[in-house]
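S.K.: This is the structure I want to talk about, given as structure tokens.
The values are calculated or read from the model by the stated rules, or taken from the named source; none is laboratory data. Remember, predicted model here, so these are calculated numbers, not experimental data. Note: ideal-geometry Cβ built from the backbone for every residue, glycine included; neighbour counts use all protein chains shown. These accessible areas exclude ligands, DNA and RNA; they are computed on the full protein's heavy atoms, side chains included. Shrake-Rupley method; radii C 1.70, N 1.55, O 1.52, S 1.80 Å.
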Amino acid sequence: MKSDGNETTTTDSEFSMDFFSNTTLSDGDVQFLDTTLRDGEQAPGVSLSPDQKADIARRLDRAGVAAIEAGSACTSAAERETIQRVTSLGLDARITSFCRGVQRDVDLALDCDVDGVHIVVPASDRHIEGKVGSTREEVVETTGELVAYAKEQGLWVEVIGEDGSRADYDYLEAQAEAAFDAGADRFCFADTVGHSSPEAVYRGVDRLADHGPVGVHTHDDLGLAVTNALAGLAAGADLVHGTINGIGERAGNVALEEVAIALWHCYGVEPMATESLYDLAATVSEATGVRLPPNKAVSGENAFAHESGIHTDGTLKDERMYEPYPPEAVGRERRLVLGKHAGRAGVRAALAEHDVELDDDALAAVVERVKTLGEKGKRVTDADLLTIAEDVRGRSRERRVELLDLTAASGQGTPSASVRLRVDDDERSAAGTGSGPVDAAMSAVRQALGSEFSFHLESYHVDAITGGTDAVVTVDVEVSRGDHSVSVSASDADITVASVTAVLDALDRLLPAADTDEGDTVPADD
Ligand SMILES: CC(=O)SCCNC(=O)CCNC(=O)[C@H](O)C(C)(C)COP(=O)(O)OP(=O)(O)OC[C@H]1O[C@@H](n2cnc3c(N)ncnc32)[C@H](O)[C@@H]1OP(=O)(O)O
């Protein structure tokens, strides 16, 4: 997908980063090295299985990432197994391993059949003297020897000057020169502790780029990771190291999806397919357990959501009114949300999605009630909106599906549940098993309903409203039948009851009204 236009910057294949300099790059000159599986996995508590690494690597490869650092072979036998799983996939991307500046690490990487290695050598005096107890001269010498050794083994080699942003740049340049003289394919400027200003990154990369191809590796301790990656590119780097969702040590690495969208939107450069970004973000979040902040660029839940009336009205008039780029560009969809800041246009549009049309007075009354609900801090779901609309119109609706009884049992055996439902005039009971009590109850519900009342659970989300083991939980679901979907939330101290209630409320909303002349319910699934 090509950038469809940023009104203030160039979008053709040539771009210039005027802020930093008059550097000009063409699309294709920037490549990405994804290190989610190595530096990203170094985030505390994260450990990816071979299958998870393989799955993420396949998706990165399909998205066009040039290189994937699959892990640190020196870590353990189990880690080598995960790297081998990735190297066995036969991907187009170059698969690499992290190595310290010691031959043993390179040999262990070779055992994993990687295409290349990142030989990480200390660059700042703090790291040279304080960490590895060496000298500048010794590090330069051993780096040259190790690069020559790795090249003899047929490996692609990148030397990373660790803590390079805090190094004496004269020395960093000497280190890069030694690495290139020994045959290194590239050198990487590393802002290892995320300490650098954009200007300092620019100066460092500018000097290194005189000696050969340079990459830039930035961290987000100052919130400058993306800016610093762009500064590196402006100074002549052509490879950006980063991780999906910016996971990594401390405040994390640069978020690759943020660099990708910034390059695409602002400069018309696309080192990876932007349409894959959300899928990658969701996959990595799920695999690592590191949640996405709702306001995160590209992948946050709210990145393409509009609640306030003025924004919603503007967006309904022109989708680009309050968005820099369309959600489809990163594989997402826009959401209009109702709450305290809602206005008439947004409420009218939300009702129209459920084939409900109101006159101006009724609409104003619904808007007021929506605002009141939103002011209580409650998320206004489709079910809430439809209930308010019915109330305002003075029409009551007869429920078609109702939970009469629910029992769930869990423990060390297989979780099981039984339900009793009313479906129209019919009373139905069924039992089911599942991976947990909620799953078992859902299985029982589906069995009781039968294929005639089938539904699809689009999303399921649980939040504890209060703390402690007696917490009240809210379950938010989105349920669909055919082309229609509704969002519902239900709260209860029992998560199984809240889950079943939410799903049945949603299904009830999706079924045609018993009294069909109401005309304000969605058509049935056929
Ligand atoms: C900036 C980064 O992201 S660095 C990458 C971080 N990644 C990792 O640490 C990978 C996981 N690490 C591990 O599994 C372990 O630390 C191992 C297997 C690598 C080493 O374990 P141990 O031998 O027990 O050493 P330990 O972890 O205590 O200390 C690290 C050693 O590596 C040495 N070292 C650190 N960086 C380098 C380097 N760039 N080049 C050479 N040696 C280095 C340290 O000096 C220290 O050696 P010492 O024990 O002789 O003092």
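S.K.: Counting only protein heavy atoms, what percent of the accessible surface of the range 280-322 is carbon or sulfur at a 1.4 Å probe?
M.R.: Within the range 280-322, the accessible surface is 50 percent carbon and sulfur.
S.K.: What is the distance in Å between the Cα centroid of the range 173-200 and that of the range 314-345?
M.R.: 42
S.K.: Using a 1.4 Å probe, what is the accessible area per residue for the chain, in Å²?
M.R.: 44
S.K.: If I take R0 = 51 Å and measure r between the Cβ atoms of Asp361 and Ala409 in this structure, what FRET efficiency does the formula 1/(1 + (r/R0)^6) give, to the nearest 0.05?
M.R.: That pair, Asp361 with Ala409, gives E of 0.50.
S.K.: A further question follows. Find out how many positive minus negative residues lie around Ala63, taking Lys and Arg as positive, Asp and Glu as negative, among other residues whose Cβ is under 12 Å from that of Ala63.
M.R.: Around Ala63, the surrounding residues sum to -4.
S.K.: How big is the gap, in Å, between the Cα center of the range 277-310 and the Cα center of the range 427-459?
M.R.: If you average the Cα positions of each part, the centres end up 29 Å apart.
S.K.: With viscosity set to 0.890 mPa s and temperature to 25 °C, compute the Stokes-Einstein D of the range 31-94, Rh being the Kirkwood radius across alpha carbon pairs; µm²/s, no decimals.
M.R.: Rounded, D is 213 µm²/s.
S.K.: For a protection proxy built on the mean count of beta-carbon atoms within 10 angstrom, sort 278-286, 215-223 highest first, please.
M.R.: 215-223, 278-286
S.K.: For the range 354-472, what's the relative contact order in percent, using C-alpha pairs closer than 8 Å and at least 6 residues apart?
M.R.: 14
S.K.: Quick one: pull the percent of accessible area on the range 368-468 belonging to carbon and sulfur, 1.4 Å probe, ligands and nucleic acids left out.
M.R.: 44
S.K.: Moving on to the next point. Order the peptides 499-509, 165-175 from the highest to the lowest mean number of other Cβ atoms within 10 Å of their residues.
M.R.: Packing order, densest peptide first, comes out as 499-509, 165-175.
S.K.: For the ranges 68-74, 418-424, what's the packing order if you count other beta-carbon atoms within 10 Å of each residue, average per peptide, and put the highest first?
M.R.: 68-74, 418-424
S.K.: Here is a follow-up. Please report the projected area of the range 380-510's Cα convex hull averaged over all directions, in nm².
M.R.: 8.7
S.K.: Cα gyration tensor of the range 262-411, axes a ≥ b ≥ c as square roots of the eigenvalues: rounded (a/c below 1.5), prolate (a/b > b/c) or oblate?
M.R.: Verdict is oblate for the range 262-411.
S.K.: Hey, what's the per residue convex hull volume over the C-alpha atoms of the range 352-455, in cubic angstrom?
M.R.: 140
S.K.: Please compute, for the alpha-carbon atoms of the range 210-262, the extent along each of the three principal axes and give them in descending order in Å.
M.R.: For the range 210-262, the Cα extents along the three principal axes come out at 31, 21, 16 Å.
S.K.: Moving to a separate point now. Please give every one of the lysines within straight-line cross-link reach of Lys296, meaning a C-alpha to C-alpha distance under 24 Å, and leave out same-chain neighbours fewer than 8 residues apart.
M.R.: Once the sequence-local lysines are set aside, what remains near Lys296 is Lys2, Lys53, Lys340, Lys378.
S.K.: Subtract the Cα-Cα distance of Glu427 and Ser49 from 0.36 nm times their separation in residues, and report this length gain in nm to one decimal.
M.R.: Going from the current span to full extension adds 131.5 nm.
S.K.: Could you check how much of the accessible area of the range 81-202 is carbon and sulfur, as a whole percent, using a 1.4 Å probe?
M.R.: 43
S.K.: Using alpha-carbon pairs under 8 Å, 6+ residues apart, how would you state the relative contact order of the range 22-81 in percent?
M.R.: The value is 42 percent.
S.K.: Using only alpha carbon pairs under 8 Å that are at least six residues apart, calculate the relative contact order of the chain and give it in whole percent.
M.R.: Relative CO of the chain lands at 10 percent.
S.K.: What number results when the radius of gyration of the chain, computed over Cα atoms, is divided by 2.2 N^0.38 Å?
M.R.: Ratio of Rg to 2.2 N^0.38 Å for the chain: 1.17.
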